[in-house]
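Just so you know, all these numbers are worked out from the coordinates, no wet-lab data involved. Predicted, not measured: the structure shown is a model, and the values here were computed from it. Cβ sites come from the backbone with ideal geometry, for glycine too, and all protein chains shown count toward neighbours.
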Amino acid sequence: MQASDMILISSDDHVIEPPDAFKRHMPRKFAARAPFVERLEGADYWNFDGRRYVLGGLNAVAGRPRDEYGIEPTAFTEMRPAAFDVKARVDDMNANGVLAAMCFPSVMGFGGGIGLSLPDQEYALAVVQAYNDWHVHDWAGGAPGRFIPLPVVPFWDVDASVAEVKRLAKMNVHAISFPTNPAFGTKVPSIHSAQWDPLWRVCAENAIVLCCHIGTGDGPPFTTEEMTAAAWMTTIPMATSSPAADWLFAPMWKKFPDLRIALSEAGIGWVPYLMERADFIYDHHGAWTNTSFGSERPSDVFRRHFILCFTDDKYGLKNRHDIGIDKITWECDYPHSDCTWPDSPELLWENGMKELPADEVAKITHLNAMREFNFDPFKMLKPEDCTVAALRKLAVHIDTGPTHGLGGSKPGGESPVTVGEMRAKVAKQKLGVAA
């Protein structure tokens, strides 16, 4: 087996919502208030009912040379069209040898939290549903067999979320984006509250996975604003260990044994120690903390309920059996700055996959994602047409060379960029201010 023989499904990519995403899908009552894009001082902003938001690119820099990465593209012209155009995205996926992808939202927030900042909650619900209809019908539906639908829910209202999940289940949706910590900075109950039980129940009954992306809820912590950006970014995947432990010891798994959660863009190398530590704490402190996993241990529950994904993780692959090989999936992270486009197959192969037997390669590259997200592209496409080599033959016309001079927000000076400088850059873009 060679890298070109793999079939790749990415369990974590991103879509930058195109300017017309909401126009066709807002209900008649709110048609005149449909979110739209406006250009101000050379930058593109989303206007949601008079409030301005940045595009949500979050380093949508795929295709740029690495020395031209920026903190935040500020206009559609500063990104590859594949960031927001479905036909161009399929071309870039073919060029990268990627069969299918699950795409998190951008301006909507990775966990769909934009509605929390909109004063009119009826309007906020209409925005969520319009986004979902666009995502399912226009984005995923624009290329059947190439995308795993990933809508959002109005998580600030449990009843509305349940109703929306029921609506989405009828569209054959099997994954929703959900915050790692919905209670952070909100009046929403924590994941430990029984108020969430109706949502957990409807997700479990319809085989819908909760996909929790890094940066939702409380973001990865930093020490001081002088912490270098490189140091902070090093810690981001491991920062998921805190919400992961919170979910692991939460009560929903006993109540809803069919419920599943995916830790998106979190990596896998840190997972064996988390499970080891959880078992140690349970053995030593379970009695006095009134913690009970019955006849099981925390690691057993983790391996059954938690789906994981990684971009580049040699250590994690070496420890795949300790993690649980049936729950590991691969991700590309297109078009963000960690993505490996257009060389994903080669990098994945050289960074550990070539050491694995063919059946394990198949599990990690596509079979696990197909099973866990109830996604079967082979109903529409022949497996032999889905390999890296076959897909790349469809993209010989795509220029994958570096694109120079796309612009974007960049730090100045020659000193190491700090977390404070990054935060200041984003703040200057007036996220969510009134128009």
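General remarks:
- Stretched out straight at 0.36 nm per residue, the stretch from Asp20 to Asp376 would grow longer than its current Cα-Cα span by 125.3 nm.
- On full extension, the segment bounded by Lys354 and Arg66 gains 101.1 nm, given 0.36 nm per residue less the C-alpha separation.
- For Cys103, the residues whose amide H sits under 5 Å from its own are Asp13, Ile148, Leu150, ignoring neighbours fewer than 5 places away on the same chain, with H placed 1.01 Å from N.
- In this simple spin-label model, placing a label point 7 Å from the Cα along the Cα-to-Cβ direction at both Ala169 and Ser295 gives a separation of 2.9 nm.
- Annotation for the stretch 167-230: chymotrypsin sites (Phe, Trp or Tyr not before Pro) lying in DSSP loop with at most 16 further Cβ atoms inside 10 Å of their Cβ are Phe184.
- Just checking the listed ones, Gly401, Gly215, Gly115: in the Gaussian network model of the chain with Cα springs under 10 Å, the one fluctuating most is Gly401.
- Calculated diffusion of the stretch 288-435, Stokes-Einstein form, Kirkwood radius summed over Cα pairs, 37 °C and 0.692 mPa s, µm²/s: 168
- Applying the criteria of a DSSP loop state and at most 13 other Cβ atoms within 10 Å to the GluC sites (Glu not before Pro) of the stretch 205-267 yields Glu225, Glu226.
- Residue pairs, from the table Lys318/Lys393; Lys29/Lys170; Lys87/Lys393; Lys363/Lys393, whose Cα atoms sit over 21 Å apart: Lys318/Lys393; Lys29/Lys170; Lys363/Lys393
- Computed [θ] at 222 nm, deg cm²/dmol, the chain (DSSP H ≥ 4; -39,500 (n - 2.57); rounded to nearest 500): -8000 deg cm²/dmol
- Placing pseudo-labels 7 Å out from each Cα toward the beta carbon at Arg303 and Gln2 gives an inter-label distance of 3.6 nm.
- Sparsely packed chymotrypsin sites (Phe, Trp or Tyr not before Pro) within the stretch 223-312, loop by DSSP, other Cβ within 10 Å at most 12: Trp288
- Computed on the chain, with alpha-carbon pairs under 8 angstrom and 6+ residues apart, the relative contact order is 26 percent.
- Computed over neighbours whose Cβ is under 13 Å from that of Val162, the net charge equals -2, Lys and Arg +1, Asp and Glu -1.
- Integer Hz, Karplus 6.51/-1.76/1.60 couplings in order for the stretch 3-10, x for Gly and Pro: 4, 5, 8, 5, 10, 10, 10, 8
- Gain on full stretching of the segment that runs from Thr400 to His285 - 0.36 nm per residue minus C-alpha separation: 36.0 nm
- Amide H contacts of Ser264 (H built 1.01 Å from N, in plane; Pro and chain starts excluded): Cys212, His213, Ile214 sit under 5 Å, all sequence-distant by 5 or more or on other chains.
- Within the stretch 76-148, the proportion of Cα pairs with more than 17 Å between them is 50 percent.
- Using a Gaussian network model of the chain in which every pair of alpha carbons under 10 angstrom is joined by a spring, one finds that among Gly219, Gly408, Gly42 the greatest mean-square fluctuation is at Gly42.
- Whole-angstrom gap from the stretch 271-326 to the stretch 232-264, using each part's C-alpha centre: 10
- Estimated FRET transfer efficiency (Ser415, Asp120; beta-carbon r; R0 30 Å; 0.05): 0.10
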